[in-house]
1. Just to be sure before I move on: is residue 67 farther than 18 Å from residue 348 by Cβ and within 14 Å of the ligand (Cβ to nearest atom) in the structure I sent?
2. Please determine, by comparing only the residues of segment 171-204 that are within 16 Å of the ligand (Cβ to nearest atom) and surrounded by 21 or more Cβ atoms within 10 Å (Cβ to Cβ), which one is farthest from residue 264 (Cα to Cα).
3. Grab the strands (runs of 3 or more DSSP E) fully contained in segment 262-370, keeping just those with 2 or more residues being closer than 27 Å to residue 500 by Cα.
4. For residues that are farther than 16 Å from residue 30 by Cα and within 11 Å of the ligand (Cβ to nearest atom), scanning just segment 76-95, find the one that is surrounded by the most Cβ atoms within 10 Å (Cβ to Cβ).
5. Report, by residue number, each residue of segment 452-491 that is within 13 Å of the ligand (Cβ to nearest atom) and within 25 Å of residue 269 (Cα to Cα).
6. Determine which single condition residue 252 fails, assuming it passes every other condition in (1) crowded, with 20+ Cβ neighbours inside 10 Å; (2) in contact (Cβ under 8 Å) with a residue 40 or more places away in the chain; (3) touching a strand residue (DSSP E or B) at 6+ places or on another chain (Cβ under 6 Å).
7. If I ask for residues that are closer than 23 Å to residue 357 by Cβ and within 13 Å of the ligand (Cβ to nearest atom), which ones from segment 104-143 would you list?
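The values are calculated or read from the model by the stated rules, or taken from the named source; none is laboratory data. Computed from a predicted model, the values in this text were never measured in an experiment. Neighbour counts are summed over all protein chains in view; Cβ atoms, including those assigned to glycine, are modelled from backbone coordinates with ideal geometry.
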Ligand code: UDP
């Protein structure tokens with residue numbers, strides 16, 4: 001029962017009620033009647049281990065079920081994220097194991113039929129648990145002629161609304177679908193796109209990002225004109241419009257400052273750095289990204305995510321003897337890459353089940369055809385590229401445990417080394433797999449020879465490169481850094497590459513003022529009484545324990561401030577880290593991540609537009625693939641509260 005699962009899981013997480021709630025509600029195995037089949041994450045980890053072991057057994061040097069369990073148990077080392085965590089070995093839900101999909105393609109027609117087809121595909125993927133992204137640059141701009149009763153077209157915005165509404169419709173067992181809509185800055189409606197979410201309550205079901213090219217950035221820097229076209233970048237456009245690049249840029253900056261959107265995708269950097277784009281002639285041209293931006297994808301490709309918990313590789317954390325165990329890390333990265341490849345085999349089984357389900361439905365063939373063709377296309381692309389999303393979480397805790405201050409030069413250097421090590425170990429594992437399992441079918445060393453990421457790999461490990469040329473590689477692209485939203489709640493660590501949000505915060509619980517021994521700290525506007533209690537960030541508590549500091553005492557605010565000041569989290573939280581060095585860190589790490597990085601630069605409420613402008617420009621200059629800024633309090637409904645800050 002739920003009650004039982006809650007009780008045992010609370011014990012498992014040592015009293016962490018947030019982790020417990022998220023696991024029981026989102027990830028524990030349950031049927032559509034709400035009957036729950038797993039009591040603690042241990043049961044889930046055995047479920048996952050036995051499925052991955054079943055795939056391993058097909059190949060040489062198979063990992064055993066026990067080995068896999070030991071790697072994933074307690075969210076300590078290797079953590080399959082969201083979709084694989086719920087979906088593997090789960091016969092109650094016919095769902096996909098992919099966290100991310102992109103659909104559509106740049107040259108498709110913008111007929112009403114094709115717009116509705118994308119709408120249907122989006123829903124079909126979300127219903128199977130995927131996050132979806134697609135690009136709108138092929139839709140004709142507002143006011144264009146159409147040869148039907150409308151005479152002129154409505155432009156992008158109404159279609160954004162449509163796709164957003166569809167997303168809001170789809171429920172995914174306790175969560176909503178997630179959507180990314182992108183458009184090229186070269187599109188004549190880019191300005192309307194950028195403004196579309198400003199009105200309260202509009203397009204709430206989608207994240208929006210603008211694809212910005214280098215020519216636009218140069219025009220911004222030199223305050224020059226820039227020509228938008230339809231079709232975008234066409235040498236023979238039906239429509240074109242010359243604008244002041246700076247004016248449009250200022251609008252992007254203003255809106256991001258005001259409401260945290262649009263996000264920016266530095267499109268030339270994405271395409272130039274992307275290994276799959278070397279196979280553009282085979283349909284691997286990147287066109288958009290998944291909802292949080294960490295996986296740029298070509299149409300009908302998908303990606304599954306996994307996070308390695310970096311904190312766990314720190315030996316003697318928070319002591320002067322603290323050190324990072326690179327050997328163990330490299331070994332585990334190799335296993336993680338293999339497990340991700342195994343999960344692709346599990347995913348193809350899942351897609352087979354989805355196809356059987358479609359075929360057995362009594363609906364007519366014409367109704368089923370879009371859905372069926374969609375999954376066939378996804379199946380084909382999955383097997384052609386065997387793309388994986390091996391990433392990390394707990395970067396912030398790792399640095400703190402090593403007594404490195406997040407954002408400092410020393411920390412950036414160390415993080416870069418960790419991500420370089422990760423990249424080389426993952427690629428090595430993928431090359432080893434190519435020897436045992438075969439390379440991804442379209443691998444061609446000459447195609448990717450001059451790709452900058454591959455070049456970097458070659459310079460750092462020439463022997464690995466030679467082996468790759470000889471045997472190929474199992475996976476077309478391997479790495480990412482996802483937000484790890486719920487994953488990091490369960491690993492009880494900082495998320496992705498972010499610094500700690502708050503090392504110490506207050507939570508409130510409702511109390512009955514008439515009960516004995518009750519403390520009422522706060523009465524709300526409807527008269528309910530609340531008790532406030534201190535919650536320490538999990539590894540802040542580890543730091544306290546290592547230093548013999550009492551973790552049960554009810555500290556005053558002054559005492560808390562003093563504690564934070566003494567800790568390695570001091571001036572290294574998302575609210576007080578040096579923003580510019582955070583952007584530089586992202587750029588440095590990006591060199592070793594073949595997909596992208598999801599990161600938000602948090603700035604204080606009184607940050608100026610000029611600061612946002614500088615951060616965005618810097619992000620482009622240092623080689624980030626994308627950037628988002630969140631100004632404290634700029635968007636309602638986001639979990640940020642100034643009262644709770646230290
Ligand atoms: N995602 C989604 N809906 C959600 C959360 C995530 O579709 O509610 C997808 C989306 O593509 C996102 C990716 O999963 O970019 C990874 O998100 P995150 O790292 O936060 O996943 P988690 O840690 O929750 O598994």
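1. On the way: farther than 18 Å from residue 348 by Cβ: yes; within 14 Å of the ligand (Cβ to nearest atom): no.
Judged against the criteria, residue 67 is not a match.
2. Filtering first and then ranking leaves 177.
3. So the answer is 263-266, 305-309.
4. Of all residues in segment 76-95, those farther than 16 Å from residue 30 by Cα come to 76-81.
When the remaining residues are screened for being within 11 Å of the ligand (Cβ to nearest atom), the result is 79-81.
Details: 79: 28, 80: 26, 81: 23.
Among them, the one singled out is 79.
5. Matches in segment 452-491: 480, 481, 482, 483, 484.
6. (3)
7. The answer is 122, 125, 126, 127, 128, 129, 130, 131, 132.
Every residue, every condition in (1) more than 16 Å from the ligand (Cβ to nearest atom); (2) assigned to a helix (DSSP H, G or I); (3) under 25 Å from residue 415 (Cβ atoms), yes or no:
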residue	(1), (2), (3)
554	yes, no, no
561	yes, yes, no
565	yes, yes, yes
568	yes, no, yes
583	yes, yes, yes
593	no, no, yes
612	yes, yes, yes
627	no, no, yes
635	yes, no, no
